[in-house]
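One structure below.
The values are calculated or read from the model by the stated rules, or taken from the named source; none is laboratory data. Just so it is clear, the model here is predicted, and its values are computed rather than measured. Because the Cβ atoms are built from the backbone with ideal geometry, glycine has one as well, and the counts that use them run over all protein chains shown.
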Amino acid sequence: MSLINGRIIQSISGFFYVEAADAVFECKAKGAFRKKGLTPVVGDFVTIEVSDDLKGTVTDISERRNSLQRPPVANIDILFIIASIDDPKPNQYVIDKLSAFAVFHNIEPVIVFSKSDLGSCADYLEIYKKSTLKTISCSAKSNEGIDEIKSLLAGKTCAFTGNSGVGKSSILNAIDPSLALPTNSISSKLGRGKHTTRSVSLYKLCDGYVADTPGFSSFDLEIISERIYKDELPACFPEFSDFSDSCKFTSSCSHTADKGCAILKAIDDGLIAKERHESYVKMYNEVKNFNKWD
Ligand SMILES: Nc1nc2c(ncn2[C@@H]2O[C@H](COP(=O)(O)OP(=O)(O)O)[C@@H](O)[C@H]2O)c(=O)[nH]1
Ligand SMILES: [Mg+2]
Ligand SMILES: [Zn+2]
């Protein structure tokens with residue numbers, strides 16, 4: 001018996017597949033986790049007790065940097081938010097909501113404007129330039145931006161999200177043709193149905209990991225259902241941080257329309273994009289009645 005450290009890369013009906021010491025071990029979780037209400041998830045860094053050939057028990061779970069519920073996955077470094085410049089057109093509110101969610105969970109959002117061969121994303125880049133969020137213009141057709149995405153993937157655990165049809169599968173295929181993911185796919189819908197039990201996996205891609213394939217379970221917009229409370233929302237818009245402590249009535253300022261709001265002034269001064277603030281206000285109005293004690 002020996003203890004080794006590894007990472008859960010797949011979970012299927014009670015079994016956890018742990019990559020450790022250049023092998024994959026089929027593991028059960030030790031019973032004590034259940035008493036604590038703790039379930040290992042894909043992406044967890046774990047210690048396993050290896051009994052015999054490639055079988056073992058998860059005995060310890062390292063503290064998670066973040067974790068998502070749908071799909072259940074932990075320790076994500078980057079969320080690639082894909083929005084196509086055309087067919088379908090970008091929905092800025094969706095981009096801002098997803099990026100706010102990522103920031104909230106301590107995940108770096110990278111906004112990818114895809115299908116750059118169909119048009120210019122200059123106007124969007126202008127909006128996001130002041131946001132401090134990373135943006136990439138890319139095309140799976142011309143390969144623009146693909147190397148940049150690759151370089152971000154290296155050594156990281158990532159997830160791709162975005163509406164169906166924006167080109168997620170095409171981008172992943174451009175990064176690694178051996179994935180051969182179906183594109184434009186009804187099959188992705190079929191796949192989704194087939195995988196309703198949601199076995200989750202991490203795939204090796206460019207010296208990094210990608211959570212699932214978008215073929216059957218991208219984050220889509222489901223992740224939005226998790227709650228952010230109104231006092232936590234300003235911090236989800238990184239470009240607000242230089243200003244949010246300077247409002248006249250700091251503790252009560254909602255940064256929506258209040259007198260003496262430093263965020264509103266920064267918009268007037270051209271330091272924060274008004275389009276980003278519009279998304280903030282919209283989100284604020286959605287969450288303002290949530291109470292932590294509900
Ligand atoms: N013009 C153009 N079309 C693309 C590009 N990437 C994907 N598409 C097309 O957009 C459609 C949806 O692509 P897909 O990768 O399946 O999107 P997904 O649903 O986000 O995985 C397909 O018809 C692709 O051929 C691109 O960079 N340029
Ligand atoms: Mg797809
Ligand atoms: Zn304010």
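Data overview
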quantity: Unique residue being farther than 21 Å from Lys274 by Cβ, in the same structural domain as Val200 (by TED's automatic domain parsing) and touching a residue at least 60 places away in the same chain (Cβ under 8 Å) when the list is Leu118, Leu79; calculated: Leu79
quantity: Qualifying residue in the stretch 86-98 (condition: within 16 Å of ligand 2 (Cβ to nearest atom) and surrounded by fewer than 17 Cβ atoms within 10 Å (Cβ to Cβ)); calculated: yes
quantity: Identity of the residue in the stretch 141-168, in contact with a Leu (Cβ under 9 Å, 6 or more places away or on another chain) and closer than 23 Å to Gln92 by Cβ, that ends up surrounded by the most Cβ atoms within 10 Å (Cβ to Cβ); calculated: Gly162
quantity: Candidates Leu118, Leu181 - the one that is more than 16 Å from Ile82 (Cα to Cα) and not small (Gly, Ala, Ser); calculated: Leu181
quantity: Pairs, first touching a residue at least 60 places away in the same chain (Cβ under 8 Å) and farther than 15 Å from Thr47 by Cβ in the stretch 1-23, second exposed (fewer than 13 other Cβ atoms within 10 Å of the Cβ) and not basic (Lys, Arg), C-beta under 8 Å, six or more apart; calculated: Ser13/Thr197
quantity: Residue count, the stretch 257-292 (criterion: within 8 Å of ligand 3 (Cβ to nearest atom), under 26 Å from Val94 (Cβ atoms) and part of a loop (DSSP other than H, G, I, E, B)); calculated: 1
quantity: Residues within the stretch 72-85 that are part of a loop (DSSP other than H, G, I, E, B) and either of a type in the set (S, T, N, Q) or surrounded by fewer than 22 Cβ atoms within 10 Å (Cβ to Cβ) (or both), tallied; calculated: 3
quantity: Condition check for Val94: in a strand (DSSP E or B), under 25 Å from Tyr284 (Cα atoms) and assigned by TED's automatic domain parsing to the domain that holds Thr157; calculated: no
quantity: Flag for Asp242 being in a loop (DSSP other than H, G, I, E, B), closer than 18 Å to Ser99 by Cβ and at pLDDT 90 or above; calculated: yes
quantity: Hits in the stretch 244-288 - residues which are loosely packed, with under 13 Cβ neighbours inside 10 Å and either aromatic (Phe, Trp, Tyr) or within 16 Å of ligand 1 (Cβ to nearest atom) (or both); calculated: Phe249
quantity: Test: residue in the stretch 104-118 that is surrounded by fewer than 20 Cβ atoms within 10 Å (Cβ to Cβ) and within 14 Å of ligand 1 (Cβ to nearest atom); calculated: yes
quantity: From the options Asp220, Asp176, residue that is within 15 Å of ligand 1 (Cβ to nearest atom) and modelled with pLDDT of 80 or more; calculated: Asp176
